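A short worksheet on the structure shown next.
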Amino acid sequence: MRTSVLGFVLAGAVVASAGAQQDAPLSAIDWLSRSIEAPEASDNALPGDVTVAPLDEPLKAAGTMSPAAAGLPEQLWHGSSQHDLIRLIEALPSDVPPALRGTVIDMMLAAAAPPDADENFLFARIDRLLAMGRLEDARALIEAAGPLTPGLFRRLFDVALLTGTEDAACAELEARPEIAPTYPARIFCLARGGDWPAAALTLETAQALDALDAGEQVIMARFLDDGESDLLPPPVGTERVTPLHFRIYEAIGEPLPTRPLPLAFAHADLRAQLGWKRQIEAAERLARAGALPADGLLDLYTSRSPAASGGVWERAEAAAALVEALEEGDARPVAAAALAAWQAFAAAGLEHVYADLWAERLNELPLQGEAARLAETALLLAGRGSAEDAVDRAASLVGNARTERVETVRRGLERAEPRSVDAELLLDSRTGEAILSALGRAGSAWEGGADDMAALLATLRAAGLEEAANRTAAAFVVAPKP
């Protein structure tokens, strides 16, 4: 080995250190890496990841767009407490309907004046983006937030680990002495920088101080090992895989599959050095959840010719055939390719991806019959075109097949009232809180709760999001049934 760490590791690998028992979680998502040392807890100390500003210097409205540009009120969070907003953001379901994902993302990115004077609300917004797999949006929000505090760096470091830009993050860590990394993060960055002796010495120090638990001791030793891995015990499993764990397991030749892990980890499978099928599977998972632009998936589908059939290869072949037909511009071959691609995409739950990719192009052609209806349906699913007549267009497409859904959305847009809890919030000018409250019930409403859907649409309209309400209503009418 590059230095003698084996004896230290074997001596301590059977017990977990008290120092490795984490303090209270610093994030609502439980997979953030323990990469930054939290302040010691005491009676007069602030909890970790909190920054307080003077009363006359409130935190700036961090965001990547103005509320107006996102179609949101300027005083989005006016009158609400940080505690209530964080609770609602953390309670948002993972299955927010595709038509409303953009509203959630816009709310997280909007540079509206925050409540109270610490970073916890900002962390909640970033963590929601991370949970949604929106890593680049999370990175952009972190960068827009201003000075890189320890809590912000912790999240930026994990984004870097999952997107293959960890060397830049390690360089940033080295350049900021005010940010104290944990031993695993120090060891990882020292090794990435080529300073193996310092990394090994750091591991010896951590073990001597009982600063790592049993699993961390073993995995870090194997990470630094250069030929004695057969003498080391196997890595101790962890119930909570973090991005740092993930990259270290990969480095020791025991990569973890991303499918059982949170959505954000799928970004690690997009790296060019991994197999094409693995990249496509990850891209489909991300695109299905709205965490990857549809064009990114299409680029992978069409980057080479499938060598097999079925599954992802069937979708890749169908996508390539439709792209080729659209390039030629003949309506008849386009119609056949469009219908075949729709069937392949729908079987994998990728209807909204299909709509984002081809709705506008298909509607530029003189298609007839089923292909024409498909093109119009895709346009509504993608939220394209005029929002004012979207529901009328949707109703004409489904005819009598979905009378109940049409009646539900018309009631929500014309005469329904928001749920009482949302109505009270709106009356109290707590608009953002009311929208989050309604979005928290969006999944169940989409699955068939007529009253819930009508109330959701009524809340959106009452909050000034009329265009979002119209497009959500249209998508609900034509969307495949759950």
| message | List the residue pairs whose Cβ atoms are under 6 Å apart, where the first residue sits in the range 169-180 and is acidic (Asp, Glu) and modelled with pLDDT under 90, the second is crowded, with 16+ Cβ neighbours inside 10 Å and part of a helix (DSSP H, G or I), and the two are 6 or more positions apart or on different chains. | response | none
| said: Condition (residue is of a type in the set (Asp, Glu), under 22 Å from residue 108 (Cβ atoms), assigned to a helix (DSSP H, G or I) and within 29 Å of the chain's Cα centre (by Cα)) applied to the range 428-449: is it met by at least one residue? | reply: yes
| query | If only one of 113, 160, 140, 99 is modelled with pLDDT of 95 or more, hydrophobic (A, V, I, L, M, F, W, C) and within 25 Å of residue 431 (Cβ to Cβ), which one is it? | reply | 140
| query | Of the residues 430, 419, which single one is among the basic types (Lys, Arg) and buried (at least 23 other Cβ atoms within 10 Å of the Cβ)? | reply | 430
| task | Would you point out the residue of the range 403-416, among those that are in contact with a helix residue (DSSP H, G or I) (Cβ under 6 Å, 6 or more places away or on another chain) and surrounded by fewer than 24 Cβ atoms within 10 Å (Cβ to Cβ), that is modelled with the lowest pLDDT? | result | 416
| field | Residue in the range 453-472 that is touching an Asp or Glu at 6+ places or on another chain (Cβ under 8 Å), without any contact (Cβ under 8 Å) to a residue 12 or more places away in the chain and either within 18 Å of residue 95 (Cα to Cα) or surrounded by 22 or more Cβ atoms within 10 Å (Cβ to Cβ) (or both) present | value | no
| request: Please identify the pairs in which a residue from the range 366-379 that is of a type outside the set (Gly, Ala, Ser) has its Cβ atom under 6 Å from the Cβ atom of a residue that is assigned to a loop (DSSP other than H, G, I, E, B), counting only partners at least 6 apart or on another chain. | output: 379/385
| said: Being among the aliphatic types (A, V, I, L, M), surrounded by fewer than 22 Cβ atoms within 10 Å (Cβ to Cβ), modelled with pLDDT of 90 or more and more than 30 Å from residue 93 (Cβ to Cβ): is that true of residue 191 here? | reply: no
| request: Please name all residue pairs, on different chains or six or more residues apart, with Cβ atoms under 8 Å, provided the first residue is in the range 401-422 and is closer than 19 Å to residue 434 by Cα and the second residue is of a type in the set (Lys, Arg) and in a loop (DSSP other than H, G, I, E, B). | output: 419/441
| task | Hey, could you check the range 247-294 for residues that are among the acidic types (Asp, Glu) and either over 20 Å from the mean Cα position of the chain (by Cα) or crowded, with 19+ Cβ neighbours inside 10 Å (or both) and say which is nearest to residue 101 (Cα to Cα)? | result | 284
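The values are calculated or read from the model by the stated rules, or taken from the named source; none is laboratory data. Here the structure is a predicted model, which is why all the values come from computation and not from measurement. As a convention, Cβ positions derive from the backbone with ideal geometry for all residues, glycine included, and neighbour counts pool all protein chains shown.
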